[in-house]
Amino acid sequence: MSSSTPSHHTANHRFRNPPGSPVREGSAGEMLGFIMNQLFSSFKTPIPSDHVLGGDEFRRQLAQARNPSVTWLGHSAFIIRLGGKIILTDPFLGETAGPAGFGPKRFVAAPITGAELPKADVLLVSHNHYDHLDAPTIEAYPYKADIQVIVPLGLGAFFTSRGYSKVIEQDWWESWHSGALKISTLLKHFTTPAAVSVTRTKRCGPALASSPTKAASGFRGTQRADLSLTRSAKGRGLSIWRWWLSEHMSRAN
């Protein structure tokens with residue numbers, strides 16, 4: 001490898017953890033046990049009656065949401081309004097996190113479908129697990145030609161093959177600008193065991209920042225992309241994974 005190649009890139013176009021990265025302690029057997037328990041356990045997590053808005057109330061509040069604001073759709077799916085832009089993150093709106101309907105099920109139904117997502121300026125995806133990269137939701141989104149998609153290295157083809165035309169892959173620490181909005185990718189360590197930590201895709205997270213405005217308002221939030229079901233054993237190493245930090249600290253006169 002040349003001296004200009006980042007240390008987390010390998011000679012065969014894969015990716016690996018930086019030196020000193022934490023090693024996942026759980027075994028493959030423990031992960032399999034967790035998945036089987038999610039699939040077949042008769043225990044149902046109790047959901048408080050006021051935990052989820054009804055469909056009509058959710059749509060009413062969504063229509064009235066202002067900029068800046070954050071709307072939670074469940075898990076790591078958010079609608080973020082920041083700096084006059086609308087940003088979607090990890091839009092998993094399916095019933096199960098897995099292929100062909102097989103996988104862990106949601107505790108509560110998604111508030112809307114992929115076809116009902118608003119017309120947004122940017123779509124951010126942290127990594128390629130089914131509970132963060134949901135093909136039916138991605139395929140159902142009606143504004144594919146208009147939205148700017150920003151994904152980790154190795155995931156661009158997933159979107160271009162589904163009709164998205166504005167797709168950017170980011171490596172760790174790279175940034176993208178649009179007016180006052182800046183999106184930067186932060187390092188997110190892999191969650192694979194050390195023996196299989198060389199991967200073809202990356203896991204990372206964009207940092208969102210908007211220039212200060214005159215309004216006295218602001219928000220700051222972080223997202224952790226937790227492990228659920230990977231897309232396949234062969235898929236390890238095909239893209240990076242990432243963290244993202246969203247912030248908008250506005251200044252009053």
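The values are calculated or read from the model by the stated rules, or taken from the named source; none is laboratory data. Just so it is clear, the model here is predicted, and its values are computed rather than measured. Cβ atoms come from the backbone with ideal geometry, glycine included; neighbour counts cover every protein chain shown.
For this structure, a couple of remarks:
- Selection of the range 136-174 for residues being hydroxyl-bearing (Ser, Thr, Tyr) and either assigned to a loop (DSSP other than H, G, I, E, B) or at positive phi (or both) yields Tyr141, Tyr143, Ser161, Tyr164, Ser165.
- Test: residue in the range 163-182 that is at pLDDT 85 or above and in contact with a helix residue (DSSP H, G or I) (Cβ under 7 Å, 6 or more places away or on another chain): yes
- Exactly one residue out of Val52, Val23, Val70 is β-branched (Val, Ile, Thr), assigned to a strand (DSSP E or B) and surrounded by 10 or more Cβ atoms within 10 Å (Cβ to Cβ), and it is Val70.
- Taking the criterion of being among the hydroxyl-bearing types (Ser, Thr, Tyr) and crowded, with 23+ Cβ neighbours inside 10 Å, the only residue of the range 120-140 that qualifies is Ser126.
- Extreme residue, surrounded by the fewest Cβ atoms within 10 Å (Cβ to Cβ), among residues of the range 26-47 that are polar (S, T, N, Q) and part of a loop (DSSP other than H, G, I, E, B): Ser42
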